[in-house]
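Trainee: One structure, as structure tokens, below. Some questions next.
Since every read-out is calculated from the coordinates, none of them should be taken as a lab result. The shown structure was predicted, so the numbers you read here are calculated from the model rather than taken from an experiment. Glycine gets a Cβ as well: all are built from the backbone with ideal geometry, and neighbour counts include every protein chain shown.
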Amino acid sequence: LIWLVVVARSLRSTRRALVNWTAGITMVWMLVMTLGVPLVDQARSYRKLSSEMAAKLPPRFRCIARHNVGEAQRALLDYFVNIQTVRDDAPAAAQCNALLLQASPASTPSVGGEWEEVWRGSRPGDRNEMFVLYRRVAPKLSSSSSTQWRTGREAPDPMCDRQPMLAVAISSGAPLSSARTLSRSNRDAIAGCRIA
């Protein structure tokens with residue numbers, strides 16, 4: 001519309017073609033910038049990616065260790081969702097219960113058995129970079145007296161939940177129950193169980 005006004009009001013002169021062409025190119029450029037920049041911004045921005053990742057963070061996370069995350073991406077995470085990360089080789093990273101990894105979709109490096117994948121995402125239309133969020137898995141604890149600790153193998157599950165209880169007289173005097181009643185109640189309690 002503005003271009004039509006400029007063309008209609010231009011005076012007849014030797015520069016009329018140049019003015020009309022310049023005004024037309026300027027109007028087309030303004031139209032493309034007005035309509036096209038939000039689409040380009042949406043495809044290239046880290047805003048949506050950052051908010052999706054923040055929603056998948058483990059509850060009560062202490063800090064986020066990062067591996068292979070670029071400085072620009074780290075700064076954008078801080079800007080969009082106020083998340084600061086720690087390099088994974090820093091001593092403070094041992095306390096983190098989340099890990100953010102930046103990789104190529106074709107090859108994602110392994111991070112070890114202590115991490116479980118929680119989220120994977122990338123910017124729309126970006127085929128070169130991908131982010132993977134992991135949470136630290138609590139290790140299985142075993143005591144120093146367990147079979148697994150001594151032999152290196154897990155012990156098989158018990159065959160029965162209930163084991164027969166044997167009466168032991170702690171105090172002097174006659175026991176409160178006889179062996180006959182104990183064996184009867186134990187037989188009823190362990191019916192169907194095989195005791196090795």
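Trainee: Read phi for every residue in region 46-60 and hand back ³J(HN,Hα) as whole Hz from Karplus 6.51 cos²θ - 1.76 cosθ + 1.60, θ = phi - 60°, with x for Gly and Pro.
Mentor: After applying 6.51 cos²θ - 1.76 cosθ + 1.60, I find 9, 4, 5, 4, 5, 5, 5, 5, 5, 5, 9, 5, x, x, 6 Hz.
Trainee: To continue, here is another question. Please compute the volume of the convex hull spanned by the alpha-carbon atoms of region 47-146 and report it per residue in Å³.
Mentor: 112 Å³
Trainee: 7 Å from Cα along Cα→Cβ at both Ser107 and Asp89: what's the point-to-point distance in nm?
Mentor: In this crude label model, Ser107 to Asp89 measures out at 1.8 nm.
Trainee: While we're here: Skipping prolines and chain starts, which residues have an amide H placed within reach, meaning under 5 Å, of the one on Ala65, given they are 5 or more residues away or on another chain?
Mentor: So Ala65 has HN proximity to Val86, Ala98, Leu99, Leu100.
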